[in-house]
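Each remark here refers to the structure printed beneath this line.
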Amino acid sequence: DPENKIYYSLQGTGSSFFIINPLTGVISIARPLSEDTSFRYTLTITAKDQGDPQRMSTATLTVTVLRNNNAPIFTRLPYYKTVSDTTPVLVSIFQVTATDSDTGKNAEIRYKITGPIESQKLFEMNATTGTIYVRSSLTGVSQDRYTINVEASDSGSKPQTSTAKVVISILHSNKPYFDRSMYEVSVDETAQVNAYVFQVSANDPRQSAGQLQYEMINNVKLFAMSSGGLITVAKPLVGLNINIVEIEVKAFRKNDTSSSATTTVIVKIIRRNTPPRFNSTNVEISIADDTTIGHVFYKAVATDPDTGENGRITYKIITYNPPSGKSYFYVNPETGNVTVTALLSQNPNPTRRYILDIQAEDNGYPRNKATMRITVNVVSRSNIPVFQQSEYKFNITSKAVKNDVVGTVSATDRDGDQVIYSIPQSDFYFAINNITGVITVNGDIASNPTSFYEFNVKASDGSYRYSEARVIITVKHNLYPPVFSKKLYEVYVKEYIPIDTAIIQVTATDKDLQAGSSTANALNYYISPFSNYFSISNFGNIYVRASLATNLIGNQVNLTVIATDQSLQPMSGSTLVIVNIERNSYPPVLQPSSISVSILSTFTPTRTILKLNVSDQDRSLNNPNGEVILSIPDKYADARKYFAITNQGDLYLETPLSITDSRMFNFKVIAKDGGWNPKTAEASITINVTKVIQSGGKMGFVQPVYYVTIPENTKENAIILAMKVENTEKTNSMICKIQTGDEGLFSVKYNISTASCDLSLLNGIDYETKDSTYNLEIVLSTSQTRKLLAFQTYPTALVIVRVTDVNEHSPEFVANRFYQSSTYFGLLPSTAGVNTFVMSVNATDKDLYDKYYLTYSIVSSKTIPFYMLGRNILNSDVYKQNDATNYYFDVKVIDRGQKPATNKAVINIVFDDNRMSLKYEVKPSEFGKVKQNVRQILSEKISNIVLFEDVQIAYDENGNAISDITFVIAQQTVPHRLINIPSNDKIREEFNKLGDTIGDIGSVITTYQPQRAAMKTKSFVWWMDDPWAALVALAAIIILLCLIGIIVVLFTWSRYTKYLNQYRIHHLANEPTDFVEPPNFLKDFETQSLNMYVPPDEAERDLGEINMTFEGDTLRRVEHQGADPGVASAVNPLFNNQPQDTQQKTGFTETTTIL
């Protein structure tokens, strides 16, 4: 029949997302419903028959889409709990809670324990409440602490999950224990190294707590802990991207290390970060009710001057008014864009105004917040006034006063209505003419530090309809640049001034700053261009950063110092600082400057003839400029033959005066200071020698002591000294002989032509390998008996030979004894702070004294973040993303003679993926003895360079101390980059071939996983080595799953058959009674009577209404009749207060109706 055939159709705004079966009327989804689509759809369903005329009917269907946008979030983290090992089984010990901001089933949360297996054996969890129970006895458990991995999942079609960790500490009755399983402390980021952080203390029921020792279990390099439990700062905390550090602490007995307890100390590093700030705190916006989904109608902008995580801002809407606004508005947590998530026109309860409170929160610790309010006015589409621009930008200065014009906005209305302008009353700084649209200053903007003002200007046609335009006004507060108190500074410094000494302070002022504020926080000082010898602080103090005693810098240095303010539109000022370096201020002084003395020719050698007063005003500075050296110039060779002078000014006779007649010696004495650019003084000396003739004398040397200075490596057979012999004739009967002090290096022979004993050098003397001083006793003998002219002579002379060092060798770098390559290798963790020690280089010089005057430097064609401090290399900047991770450069060393030498060096930045771990069964203090052997074995095995990064103490299963070594692997080829372990299959294969142990060293190799148990490297590809084992394992798993399936089916079938039997009994017991139809004449009367007098039956209780929870303290003991009297039973609480022999009433009350 055509009239009985009905066809269905679908119309409405959401008809493109749904489809209806025209015959059955079943509605299904036509295309996916994503997050960008609406959450509610209104559909019109039409049903039509096929008759003539055709009949139809309509119905409205509203489809609400439940989205699972949010995962559950655990509250009150972290979770730590301490329980006694005597806690009974099935007793609840802890409860975790999570919340989900979704609705419906998407907000229903289920909990479960996901691992590890050791924890699952001891604990269980209520899936609904999140309560954790003791599953089995805790007495005698092997561990002191168990970590429970908890998962919370919602009930959405695609469930979202989140995880948390619950740390349960077991309090053993006979072992040490901590009062708490977790301690939270905080430390300021400015804390100095060795500053106090926290004192942990454990209790020991067997002995005093003073017998316990403490140690950190995990590898925390920022903090250190003494054996007494004192935690201190180990490294500077400023500039790190770490806000929370968890330290695992272990307390154990000195005489029994197996008796221990553990706890966790959470150290929160307080960063001195500033809170974010919104550009505008109150905004009013109008949008149309048909605004498309996803349209950005406002951008919330908050600024934070901090950097890193402290400056990263997250946005969220914290308040919706009315609450239904949650379904229509959304703010992007990263960009601050506020968008529409559903069509406002489809709101079943139309709202014309929504108030949204947006919060901006930084990600530092502690987290700082700021809020702003957006008022959203929803208007219907009509001919409302339209602004010529959606955004107006104006610039003014802070000098603007009230009624000064800022700019003009303009809007038109197609209906020809009068346009009325207005701005929010909350903006007190600006006003607008409601007819012309001219914006003027209305408040004191000079005293407000805000540089940007944002507000909306409304244009209305006189009704509630209006449009808005964004007005952004930039106020230039920074009108004045910093000004130095002087345009020119001049300072005088000594060239040997200590490094890091302040030499002058320059100060600048800024009129833009408020009165009384410190310029230290407002102005930044720097030297342009960068100076290698001077630096400046934020207070304007200029410091010496390198030695000025060098010819690489002039006597006068011009420094341009620039001061910059910290505004958003910074301005700067500069000044010139002239640094005059006083190289050698004062010359030496000799007094008197001219002197004349007379002596006899028999004057005894080594006696002082005269004394000059030597002074230098630079001596008070205690530097080389005050060290004075006196000498007789070489051009006075005749005087130098007989006379010498000490540095104290004592002029003495060095050699006997072998003169034939009286004579006069005229010469000068030069005084020279020890500066690198020395100054001199001189004094004129006149010595009159009167010849004294004696009656006769013995043959001998003219002086008892000779001083000879020769440079090292003097040529062989060279005559170094001619010792004059007097009172003798020219004859071959003279014999010169070295009596003592010779080491086969010298020879002496009488020279008849010069009447002297000539001392010569047989072999060259190396200063670095031989003695530097030789004392030679030389004797003279002859057969001559006749006496000649009388001279004072000496039969024996002592010759003191001094060998001086010559700068003949260049410096040489000491070979790296740990690596075959001469290259120096350095490792720097990616998390290291500034000025972290990286490595040391070492060079030596065969010239004995030069090796103490070596200067090191870095030579690189590129700018690298490292510098030399002595022979140590430190970093000058922290690692940032996209920075280089490998630096290959030269290290240069020069000696006093400016002879250079270079050597290659490489520094690699180390990440977790580069690290591996090595367990070695010796104490860390003894590992150094075998370090080279272990490293060499590893390098040879894998054909790469193994570099050790760190050695920490660890303990084996027996509690013995072993070494836990962290190492990395570098490529053999230049520039020796580090190998990424997870992504390098070849390296993993090499370690798999090695197995768990390596050769003779018996060490276990593992991959490095920070703060987690290490995984053996062998587990990377075990299934690839033996695929048959993998197939057998897979088959075993399939068989096991089949057995489990069969068991489940049998168990389910038994429950099902049991249910059918119980249902059959229930059905028979409640079968309805058949009643006979009463006579017709009584039908009406009886029905009326029953309705009037028969009370309705009490509704039967559902099964869920019965209290099936049995409380232990409400049970009473009963005895079974005819059974074992010792057996207890639980009585239904409904009958607890009733006598046992009383018949219980049901919910049905029997009554009698009298008709």
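No value in this document is a laboratory result; all are computed from the given coordinates. These figures come from a predicted structure and were not determined experimentally. So basically every Cβ, Gly included, is an ideal-geometry build from the backbone, and we count neighbours across all protein chains shown.
General observations
- Here the relative contact order of region 591-729, from alpha carbon pairs under 8 Å that lie six or more residues apart, stands at 27 percent.
- Residue 977 long-range amide H proximity, modeled H, under 5 Å: 971
- Bridging of residue 399 to lysines at a Cα separation below 20 Å is possible for 476, 511, once same-chain residues fewer than 8 apart are set aside.
- Distances between every pair of Cα atoms in region 587-684, grouped in 5 Å steps from 0 to the bin holding the largest one, split as 3, 13, 23, 23, 16, 10, 7, 4, 1, 0 percent.
- Of the residues 457, 412, 433, the one whose Cα sits farthest towards the positive end of the charge dipole of region 392-512 is 433 (charges of +1 on Lys and Arg Cβ, -1 on Asp and Glu Cβ, taken about the Cα centre).
- For residue 752, residues with placed amide H under 5 Å, excluding near neighbours: none
- Shown here are the Rg and Dmax of the Cα trace of region 228-279, at 17.3, 64 Å.
- Environment charge of residue 7, counting only residues whose C-beta is closer than 9 Å and scoring Lys/Arg +1, Asp/Glu -1: +1
- Using the Cβ-Cβ distance between residue 602 and residue 545 with R0 = 41 Å, the FRET efficiency computed as 1/(1 + (r/R0)^6) comes to roughly 0.10.
- Non-local Lys pairs in region 71-173, i.e. 8 or more apart or on different chains, that have alpha carbons under 21 Å apart: 8
- For region 363-441 and region 554-593, distance of Cα centres in Å: 54
- Ordering 338-344, 770-776, 703-709 by mean Cβ neighbour count within 10 Å, with the highest value first, yields 338-344, 703-709, 770-776.
- Across region 71-173, Cα-Cα pairs more than 24 Å apart make up 24 percent of the total.
- Translational diffusion of region 26-104 was estimated from the Stokes-Einstein equation, with Rh taken as the Kirkwood radius over Cα pairs; at 37 °C and 0.692 mPa s the coefficient is 175 µm²/s.
- Shape annotation for region 807-910: C-alpha extents along the principal axes are 48, 26, 22 Å, from largest to smallest.
- Segment residue 157-residue 42, length gained on full extension (0.36 nm per residue, minus Cα span): 39.1 nm
- Among the trypsin sites (Lys or Arg not before Pro) found in region 553-621, those both in a DSSP coil and sparsely packed, with 10 or fewer other Cβ atoms within 10 Å of their Cβ, are 607.
- Applying a DSSP loop filter and a limit of 14 other Cβ atoms within 10 Å to the trypsin sites (Lys or Arg not before Pro) in region 58-137 leaves 76.
- Whole-Hz Karplus values for region 163-178 come out as 10, 8, 10, 10, 9, 9, 9, 8, 8, 7, 6, 10, 10, x, 8, 9 Hz, taken residue by residue from phi with 6.51 cos²θ - 1.76 cosθ + 1.60 and θ = phi - 60°; glycine and proline positions read x.
- Under the convention that each Lys and Arg Cβ holds +1 and each Asp and Glu Cβ holds -1, the size of the dipole of region 175-270 around its Cα centre is about 260 debye.
- Take the Cα of residue 958, go 7 Å toward its beta carbon, and the backbone nitrogen atoms of region 925-943 under 20 Å from that spot belong to 925-927.
- Within the shell of other residues whose beta carbon sits under 11 angstrom from the beta carbon of residue 585, the net charge comes to -2, with Lys and Arg scored +1 and Asp and Glu -1.
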